[in-house]
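Notes follow the structure.
The values are calculated or read from the model by the stated rules, or taken from the named source; none is laboratory data. Since we're looking at a predicted model, the values are computed, not measured. As a convention, Cβ positions derive from the backbone with ideal geometry for all residues, glycine included, and neighbour counts pool all protein chains shown. SASA here: full protein model, heavy atoms, side chains in, ligands and nucleic acids out. Shrake-Rupley method; radii C 1.70, N 1.55, O 1.52, S 1.80 Å.
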Amino acid sequence: MVSELSDIAGATASPAQGGAAPRDEAARHRPADDDPAAARRRAWRSRLYRWDVKGSPYAFVSPFFLFFVAFGLFPLIYTGWSSFYRVELTNLDAREFVGFHNYTRLFQDEFFWNALRNTFTIGVISTVPQLLMALGLAHLLNYRLRGSTFFRVAMLVPYATSVAAAALVFTLMFGTDYGMINWALGHLGFGHTDWRAGTWSSQIAVSSIVIWRWTGYNTLIYLAAMQAVPSDLYESAALDGASRWQQFRHVTVPMLRPTILFTIVVSTIGATQLFGEPYLFGGTGGEKGGSAHQFQTLGLYLYEQGWTNYHLGRASAIAWTMFLLLLLIAAVNGLAARWLRKSQ
C-alpha cells in the first residue's frame, strides 16, 4: 500500500518537474523588456531611422547645392564685391575702394558701347535667320519622311561639335586668299573679301558659325512642340480647305508661341554671352575683336580688360553689367509670357 502511494506521488511530481524546465528555458531566451541596454539600443535604432527618413532626401540633393555655392554663388558675390574696388590681377592683395567708379568709367568708355553694339548686331544677325530656319526645318521634319530618324540625329551633329572645331573650319572657309567662300564668290564674279577687316563682313562670318551650331538644336525643340499639337486642329483646317502653308500660319505658329518665345529668350541670352566664336575667329589677339574692335562682343571686352589688361575691378563691373542685362531680358520674357497667356 505504501509502495503504491509512493509511486503515485512520484508520477504526479515528475510532470511538474519536467514541465518547469521548458518554462525556465523559454524565460532565459525571451528578451527582457526591462533590460536597460536593449531599451537603449532600440531607442538609438529608432532615432537613426527617423534621421534617415528626414535627412536622406537632403543628402541626395546636396551635391547640386554644394557645387552651385562653390562655382556659382560664390563667384557671383566675389565678382560683385570686386567691382567696387580698383584691383589688378597681378596683385590681388592691393585693393582700393572706389565705389561705383568702375561702373561710371565703364559707361564713359567708347569701347564698351562698341562691344554692346556689336553684341546686339551679331545677336540679331545670328538669331533671326537661325530661328526662321529652325522653324522651317521642324515643319518639314514634322511630316512623315523616309529616314526621318537620320535627319533628326543629323540636326544635332553641329550642336555636338565643339566651338573650337567649328570656328577653325569656318575661319578656313572665310579665308581671304584660299577660303572656300571667296572661291565661290570669285566664280560668281565678285572680288575677294577680307572677312576679318570689315565690320559687317566679320559680324556676318561670326554669325554664320552661331547659326550653323544652333539651328539644329532649335529645330528639335520646335519639332517636339509641333508633335504636341493636336492632330484634330490640322484635320479641321484641312476640311475647311486650308493648304499646308495656311495650316502652318494659322495653326502651327499660334500653338508654338510659348516655345518661340522661349527660344528667342535663350538665343538672346546666348548672344549676350557670345565669346568662343569671335575669339577663335579673330586668331592672334582675338580678344580685341579685330584690328578696329569691329566684332568685339561684351564677352571679349570682359576678357580683354581682365586677362589682357589685368584690370580685375573693371572686368567685374562688366560681368555684373552683363548679369543685369540678362535680368532685364528675363523680366521682358516674363512680361511677354504673361501677355501671351492673357491673349490666348
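For Leu66, the accessible area of its heavy atoms, probed at 1.4 Å with every protein chain present, is near 120 square angstrom. Span-like helix criteria (full DSSP H runs; alpha carbon extent of at least 30 Å along the helix axis; mean Kyte-Doolittle hydropathy of at least -0.5) are satisfied in the chain by 2-29, 36-68, 110-141, 199-227, 312-343. Rounded to the nearest 0.05, what FRET efficiency is calculated for Tyr58 and Ser162 with R0 set to 56 Å and r the Cβ-Cβ distance? Result of the calculation: an efficiency of 0.95. Have a look at Leu92, Leu116, Leu239 and tell me which one the Gaussian network model of the chain (Cα, springs below 10 Å) gives the largest fluctuation. Between Leu92, Leu116, Leu239, it is Leu239 that shows the largest mean-square fluctuation.
Can you work out the PRE-style zone for Ser243? Point 7 Å along Cα to Cβ, and I want the residues of region 136-152 with backbone N under 11 Å. Of the residues in region 136-152, none has backbone N under 11 Å from the label point off Ser243. For region 113-175, just say rounded, prolate or oblate: build the C-alpha gyration tensor, square-root its eigenvalues into a ≥ b ≥ c, call rounded for a/c under 1.5, and beyond that prolate if a/b exceeds b/c, oblate if not. In terms of gyration-tensor shape, oblate. Put +1 on the Cβ of each Lys and Arg and -1 on the Cβ of each Asp and Glu in the chain; which of Thr171, Ala94, Ala134 then has its Cα farthest toward the positive end of the dipole? So the residue furthest toward the plus end is Ala134.
Let's test the formula: R0 of 45 Å, r as the Cβ-Cβ distance of Leu145 and Arg95. What FRET efficiency results, to the nearest 0.05? Plugging the Cβ-Cβ distance into 1/(1 + (r/R0)^6) gives 0.15.
Net charge dipole, the chain: roughly 660 debye, given to the nearest 20, about the Cα centre with Cβ charges of +1 for Lys and Arg and -1 for Asp and Glu. Of the residues Ala38, Ala160, Ala70, the one that moves most in a GNM of the chain with alpha-carbon contacts below 10 Å is Ala38.
Given R₀ = 51 Å, what would the calculated FRET efficiency be for Trp183 paired with Lys342, taking r from the Cβ atoms and rounding to 0.05?
Values: r = 53 Å, r/R0 = 1.04.
So the FRET efficiency works out to roughly 0.45.
Once the Cα-Cα distance is subtracted from the 0.36 nm per residue extended length, the Ala197 to Val69 segment shows a gain of 41.8 nm. Using label points projected 7 Å from each Cα along Cα→Cβ, tell me how many nm separate Leu233 and Trp307, to one decimal. Label at Leu233, label at Trp307, 4.5 nm between them. Among Trp44, Trp183, Trp245, the largest mean-square fluctuation in a Gaussian network model of the chain (Cα springs under 10 Å) belongs to Trp44.
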